[in-house]
1. Of all residues in region 164-177, how many are more than 16 Å from the ligand (Cβ to nearest atom), assigned to a helix (DSSP H, G or I) and touching a residue at least 24 places away in the same chain (Cβ under 8 Å)?
2. Quick check on my filter: what residues within region 17-55 are of a type in the set (Val, Ile, Thr) and either in contact with a Cys (Cβ under 7 Å, 6 or more places away or on another chain) or outside any helix (DSSP H, G or I) (or both)?
3. Quick check, is residue 102 within 16 Å of the ligand (Cβ to nearest atom), of a type in the set (Gly, Ala, Ser) and either crowded, with 21+ Cβ neighbours inside 10 Å or more than 27 Å from residue 154 (Cβ to Cβ) (or both)?
4. In region 40-74, what count of residues is obtained for those that are at pLDDT below 95 and within 16 Å of the ligand (Cβ to nearest atom)?
5. So if I check each of 92, 37, which one is away from the ligand (no atom under 13 Å from the Cβ) and of a type in the set (Gly, Ala, Ser)?
6. Taking residue 195 and the conditions (1) within 16 Å of the ligand (Cβ to nearest atom); (2) modelled with pLDDT of 95 or more, which numbered condition does it fall short on, given that it satisfies the others?
7. Within region 146-163, is even one residue out of contact with any helix residue (DSSP H, G or I) (no Cβ under 7 Å at 6 or more places or on another chain), within 14 Å of the ligand (Cβ to nearest atom) and part of a helix (DSSP H, G or I)?
8. Since residue 121 meets every condition but one in (1) within 13 Å of the ligand (Cβ to nearest atom); (2) more than 28 Å from residue 171 (Cα to Cα); (3) of a type outside the set (A, V, I, L, M, F, W, C), which condition does it not meet?
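The values are calculated or read from the model by the stated rules, or taken from the named source; none is laboratory data. Computed from a predicted model, the values in this text were never measured in an experiment. Positions of Cβ are backbone-derived with ideal geometry, glycine not excepted, and every protein chain shown enters the neighbour counts.
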Amino acid sequence: PTNIFSFFWKYRGFYADGVKYTLLLSALGVLFGFLIGLIVALLRLSGVKILKWIAVAYTEVLRGTPMLVQLLIIHFGLASAFDIRFTVLQSGIITLSINSSAYLAEIFRAGIQGVDKGQMEAARSLGMPRGMAMRTIVIPQAIKSVLPAIGNEFVVIIKESSIVSFIGVADLMFQANAVRTLTYSGLYPLVIAAAIYLVMTLILSKLLNVFERRLSAGDNR
Ligand code: ARG
């Protein structure tokens, strides 16, 4: 093909397959990351020293080491040392989930600590047990206040999920490389991939904005 558009059209099937994997991986990564991250944030704030310690170590290690190294340890390291074997897709999802959970745990911690102390006090003074007050009063407000940051994490994960191509998950990055090798064209396949990542993140940001505005429409504070 002579120009980038006819190039894209000729290989659109590759890119379409890649986008499916990228979106699947990112959505599951953020979903599981959300659940694990919330648990880690609660451990960190539990007031139980050993639990707090485990949570701190978890977030520090996962945020302080490259996600690529984490991916390779999960996919090749565990198989080699403990015979724990995952498919490439499983390893990709696990890596994105735990990596994201560490970032989300910090987001949740900030959100929970940001809820006015009076909320907990009021609930307690009404006779609510601490755990129940946390679950029904504090956490819902915390989650609402950190939704923009969670949306941001989703955007980050869409881009960062490209590293799963390293172990052979057929995501957008992998497909771009496949097209590059197939065509001996060094530029177009990658520029097309970049453009598709950009379109995905722009659309997602737009959707998140609309969603946020809807949510805050009910607040008159
Ligand atoms: N590329 C960086 C790394 O490998 C960033 C990872 C960002 N992850 C996230 N969940 N926000 O560590």
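1. So the answer is 4.
2. Narrowing region 17-55 to residues of a type in the set (Val, Ile, Thr): 19, 22, 30, 36, 39-40, 48, 50, 54.
The one that is of a type in the set (Val, Ile, Thr) and either in contact with a Cys (Cβ under 7 Å, 6 or more places away or on another chain) or outside any helix (DSSP H, G or I) (or both): 48.
3. Details: within 16 Å of the ligand (Cβ to nearest atom): yes; of a type in the set (Gly, Ala, Ser): yes; either crowded, with 21+ Cβ neighbours inside 10 Å or more than 27 Å from residue 154 (Cβ to Cβ) (or both): yes.
In short, yes.
4. 0
5. Details: 37 fails: away from the ligand (no atom under 13 Å from the Cβ).
After applying the criteria, what remains is 92.
6. All conditions are met except number (1).
7. In the first step, residues of region 146-163 are kept if they are out of contact with any helix residue (DSSP H, G or I) (no Cβ under 7 Å at 6 or more places or on another chain); the result is 152, 156.
From what is left, the residues that are within 14 Å of the ligand (Cβ to nearest atom) are 152, 156.
Checking the rest, the ones that are also part of a helix (DSSP H, G or I) come to 152, 156.
The answer is yes; a qualifying residue exists.
8. Result: residue 121 passes all but (1).
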